[in-house]
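Participant: Sharing a structure with you now.
The values are calculated or read from the model by the stated rules, or taken from the named source; none is laboratory data. Since this is a predicted model, take the numbers as computed values, not measurements. FYI the Cβ positions are ideal-geometry reconstructions off the backbone, even for glycines, and counts take in every protein chain you see. The accessibility values were calculated without ligands, DNA or RNA, using every heavy atom of the protein model including side chains. Shrake-Rupley method; radii C 1.70, N 1.55, O 1.52, S 1.80 Å.
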Protein chains: 2
Amino acid sequence: MDKNQAVAAIGLFSGLGQRELAALAGVAETRRYARGADIFFAGEPAQGFFSVASGKVRIYQTSLAGKEHILHVFGPGEVFAEVAVFSGGVYPASAQVLEDGEYLFFPRERFRRLLKDEPDLAMNMLGLLSIRLRQLVKKLEDLSLREVPARLAAHLLLLQAQSRKRRLALDLPKGQLAAYLGTIPETLSRVLRRFSDEGVIILSGTTLEILDAGRLEAYAGVGGTGGGKEDASGGRGA
Amino acid sequence: MDKNQAVAAIGLFSGLGQRELAALAGVAETRRYARGADIFFAGEPAQGFFSVASGKVRIYQTSLAGKEHILHVFGPGEVFAEVAVFSGGVYPASAQVLEDGEYLFFPRERFRRLLKDEPDLAMNMLGLLSIRLRQLVKKLEDLSLREVPARLAAHLLLLQAQSRKRRLALDLPKGQLAAYLGTIPETLSRVLRRFSDEGVIILSGTTLEILDAGRLEAYAGVGGTGGGKEDASGGRGA
DNA sequence: ATTGGGCTTTGACTTACGTCAAAAACGGAC
DNA sequence: GTCCGTTTTTGACGTAAGTCAAAGCCCAAT
C-alpha cells in the first residue's frame, strides 16, 4: 500500500491539506507485522504512536496471573498509542497484531514538531483524545457497575446497530471477545448459551441472529438479573 | 477569591502569558457550590468545563441500582469535564461537591475560540487529556485485573508516597473511598480490618499507619505493568 | 480421510465480594 | 452531657463469576 494514500486515509488527519499530509507521510515509517506479533508491551518507553493501514490490532493489559483485558481493537484508518506523544513515559498497555497488515509509525518528536505548525491537526487530536476518554469512561462504567450479561447484551446490540443486518458476525473470536468484555471464555460461553436457551438469540458458530432485541435491551439497560421482571423502559438516567 | 488569581493558579494554564490568562479569566464564570450540590449529572448536555478554585469535587457514575463508582476527586487548581469542550454531546459522568468552595466555569464555545489563537494552551490541553487517559487506563486495569485488597494496598502506598509521613490521613471518608476503589463500604471495612489483623497497618479512625510496606507492596502486586511474567505470590497467609 | 493443536463448551467446584440486617461508633446540635 | 442522624463495622448468607479439568469441535496440514 502506498504510504501517502495510507496517511490520507487516517481519520485523525481528515480536513488537512495536501502539504500537511505529505509532511505527515514524510515522518511516518511503514512497518509490516504478522498475526500474533507484539508491537509494543506495556511498560516500554513510548517512542511514538501508530496507525493501521491494513490489518487489525488489539490493545490489552495483563495481570500477573496472566489474565488479559482488551481495551480496544483497531482497524484500518484508526490510530493508537497516541498517548505516547503528549505525556512521555511508557506505554500504558500492550499492542498485539490480530490480523497481518501494514502499520504506520509516527515518532514522537517529529510529530510534535509538525503539530506546532498545524492548529487543525492539534484540534483533531484533541477531539480524538476526547473520544478515547469517553470510550474508557464508558468501559469503566460497564466494568464496575454492570455484570457480564449486561455487557454482552450491550455489545451485541452495538454490533447490530453497526451492521444493520439481522444476522451478524462476531467481530472477534470468542476468547478475545471475552477478554474485551472483561470476563473469561467459559463465562462468555455460558452467558451466550443462556441467551440462546431463553430464545433471545440464535447462535451458530461465529455468527448469530438477534430474535428479541427488546429483551437484550432489558439486559443491557437494567443491570438486573434479567429474569424478565423488569420492563425495558430505556430511560438513560438523569 | 479573586477570579484572575484563581485562573492563574490552574495547572492547565501554566506557562501562559498575562494577556492570555486575562482573556481566560474573561470567559470564566465564578460559581459557588455547597457540599452535596450537584454540578452536573451524567447525560446532561455538556456546556463547558470547570476548574476548582477552592473546595473538592467528585466525578462519579451510578448504576440503575444506585451503586456508585468514583472516577476522580479534584481539588484546587485542577480542572474537570474538559471532555465537554472537544467532543460535544453529554457529560459522561456526574459531578458532585464534596467540600464547599468556588468553581470556575468555562463555556465551551468561548473557550474554543481562545484555544484557536493559543497553541501553547492547546498543547497543555493535549497533555492534560493524555494524563487523564493514563489515569483511566490504570483504573481499568485495577478494576478488571486486580482484586480489592490489591487496589486498597496500592492506594495506601500512593497516599504514603504523597504524604511522606508515617501516619497518614485517608483522603476521603471510608464510604467514598470504597466507591473510589470500585467496591462497597462493607468490603472496604473488612479488608482494612484484615490488614490490621495481619499487622500490616494500624488503623484508628480516619488515619492509619503503615507498619509493613513490603507486605502492602506484595498485595498491590509490585512491578505493575510490563511484558514479563512474574510469580503471583500475593501473600495470603498469616 | 486422519492427525493434531487451538479454540470452545460443559460440568463440578470454589471464592471473592455483594446483600441484608443489626449493632456500634462518631459527630454535631442543643 | 444527651440525643439523633449518619457513617462504619460486624455477622450471616447468597451469588456471579472464576478455576480446574475433561470433552467436543473445527480447521489446517499431512
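Participant: I need a count of the residues in the range B:207-226 that are surrounded by 14 or more Cβ atoms within 10 Å (Cβ to Cβ) and either within 12 Å of DNA strand D (Cβ to nearest atom) or among the aromatic types (Phe, Trp, Tyr) (or both).
Facilitator: Total meeting the criteria: 2.
Participant: In the range B:64-101, which residue that is assigned to a loop (DSSP other than H, G, I, E, B) and within 16 Å of DNA strand D (Cβ to nearest atom) is most open to solvent (accessible area, probe 1.4 Å)? Talk me through it step by step, then tell me what you get.
Facilitator: Pass one, the range B:64-101, residues assigned to a loop (DSSP other than H, G, I, E, B): B:64-67, B:75-78, B:81-82, B:87-89, B:91-93, B:100.
Remaining after also requiring within 16 Å of DNA strand D (Cβ to nearest atom): B:64-67, B:100.
On the way: B:LEU64: 116, B:ALA65: 101, B:GLY66: 50, B:LYS67: 79, B:ASP100: 90 Å².
Within the range B:64-101, the match that is most open to solvent (accessible area, probe 1.4 Å) is B:LEU64.
Participant: Anything in the range A:45-63 that is in a loop (DSSP other than H, G, I, E, B) and either buried (at least 17 other Cβ atoms within 10 Å of the Cβ) or of a type in the set (Ser, Thr, Tyr) (or both)? List them, or say none.
Facilitator: Let us first name the residues in the range A:45-63 that are in a loop (DSSP other than H, G, I, E, B), namely A:46-47, A:53-55, A:63.
Result: A:ALA46, A:ALA53, A:SER54, A:GLY55, A:SER63.
Participant: Checking B:ARG35 against (1) among the basic types (Lys, Arg); (2) touching a Phe, Trp or Tyr at 6+ places or on another chain (Cβ under 8 Å); (3) open to solvent by 50 Å² or more (accessible area, probe 1.4 Å), which test does it fail?
Facilitator: (2)
Participant: Looking only at the range A:175-206, count how many residues are among the small types (Gly, Ala, Ser), over 16 Å from A:ALA150 (Cα atoms) and near DNA strand D (Cβ under 8 Å from one of its atoms).
Facilitator: Adding up the residues that qualify gives 1.
Participant: If a residue counts only when it is at pLDDT 95 or above, within 15 Å of DNA strand C (Cβ to nearest atom) and not small (Gly, Ala, Ser), which helices (runs of 4 or more DSSP H) contained entirely in the range B:130-223 have at least 3 such residues? Show your work before the answer.
Facilitator: Values: elements: B:148-163, B:174-180, B:185-197, B:213-220.
Those helices (runs of 4 or more DSSP H) span B:148-163, B:174-180, B:185-197.
Participant: Which residues, taken from the range B:85-116, are free of Cβ contacts under 8 Å to residues at least 24 places away in the same chain, at the interface with another protein chain (Cβ under 9 Å from one of its Cβ atoms) and among the charged types (D, E, K, R)?
Facilitator: Answer for the range B:85-116, where residues must be free of Cβ contacts under 8 Å to residues at least 24 places away in the same chain, at the interface with another protein chain (Cβ under 9 Å from one of its Cβ atoms) and among the charged types (D, E, K, R): just B:LYS116.
Participant: Select, from A:LEU136, A:LEU121, A:LEU128, the only residue that is within 17 Å of B:ILE131 (Cβ to Cβ) and open to solvent by less than 30 Å² (accessible area, probe 1.4 Å).
Facilitator: Numbers: A:LEU121 fails: within 17 Å of B:ILE131 (Cβ to Cβ); A:LEU128 fails: open to solvent by less than 30 Å² (accessible area, probe 1.4 Å).
From the options A:LEU136, A:LEU121, A:LEU128, the qualifying one is A:LEU136.
Participant: Here is a follow-up. Check whether at least one residue in the range A:154-163 is farther than 25 Å from A:GLY55 by Cα, under 22 Å from the mean Cα position of the chain (by Cα), within 14 Å of another protein chain (Cβ to nearest Cβ) and more than 11 Å from DNA strand D (Cβ to nearest atom), and report yes or no. Break it down into steps so the answer makes sense when it comes.
Facilitator: Start the filter on the range A:154-163 by keeping residues that are farther than 25 Å from A:GLY55 by Cα, which leaves A:154.
Checking the rest, the ones that are also under 22 Å from the mean Cα position of the chain (by Cα) come to A:154.
Now narrow it down to the ones that are within 14 Å of another protein chain (Cβ to nearest Cβ): A:154.
Filter once more, keeping what is more than 11 Å from DNA strand D (Cβ to nearest atom): A:154.
Among the residues of the range A:154-163, at least one is farther than 25 Å from A:GLY55 by Cα, under 22 Å from the mean Cα position of the chain (by Cα), within 14 Å of another protein chain (Cβ to nearest Cβ) and more than 11 Å from DNA strand D (Cβ to nearest atom), which makes the answer yes.
Participant: Then there is this: Taking the options A:ARG190, A:ARG166, name whichever one is free of Cβ contacts under 8 Å to residues at least 24 places away in the same chain and either surrounded by fewer than 12 Cβ atoms within 10 Å (Cβ to Cβ) or under 28 Å from A:GLY36 (Cα atoms) (or both). Walk me through how you get there before you give the answer.
Facilitator: Details: A:ARG166 fails: free of Cβ contacts under 8 Å to residues at least 24 places away in the same chain.
Only one candidate passes the filter, namely A:ARG190.
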